[in-house]
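Comments concern the structure below.
Quick note: the coordinates plus some simple rules give every number you see, no bench work behind them. The model shown is predicted, which means the values in this text are computed figures rather than measured ones. Here Cβ is always computed from backbone atoms with ideal geometry, including for glycine, and neighbour counts include all displayed protein chains.
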């Protein structure tokens, strides 16, 4: 059910990008109750002039290594579950690839179940 978009500056290795995707999937399945094999992700890289992340918004010191993770998913998860996810992902990325926790920007976009079609022109969740 989730669609994950990962945005970052160009120049990271394929191993780095794979680790980003793996850790997002791991955090989603362990904290948000995302089903196994429900893995749909797009990773996009940008030139510095096309990737803008304010370096000090809300008093958080971001570097040029900032990664933006946007996840579109079914509505219904409570705030505690979301907070657990945010922490699990930040911790997982920090441990695995050394991403500073300050450099992870996460946005969850909740939608109703009828807004999905996984193929064949069918709304599978209705």
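Here is how the numbers come out for the structure above:
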item	result
Length released on extending from residue 109 to residue 12, taking residue separation times 0.36 nm less the Cα-Cα span	32.3 nm
Rel. contact order, % - alpha carbon contacts under 8 angstrom, at least six apart, the chain	32
Two-site FRET efficiency, residue 117 against residue 46, from Cβ-Cβ distance with R₀ of 41 Å, rounded to 0.05	0.90
Residue-span extension gain [residue 94 to residue 58] - 0.36 nm each, minus C-alpha spacing	10.9 nm
Order of 86, 57 - criterion: other Cβ atoms within 10 Å of each residue's Cβ, fewest first	57, 86
Separation of the residue 125 and residue 77 label points, Cα + 7 Å toward Cβ, nm	1.2
Which labelled figure in [x] 197; [y] 105; [z] 123 is volume of the Cα convex hull per residue in Å³, once derived from the coordinates	[z]
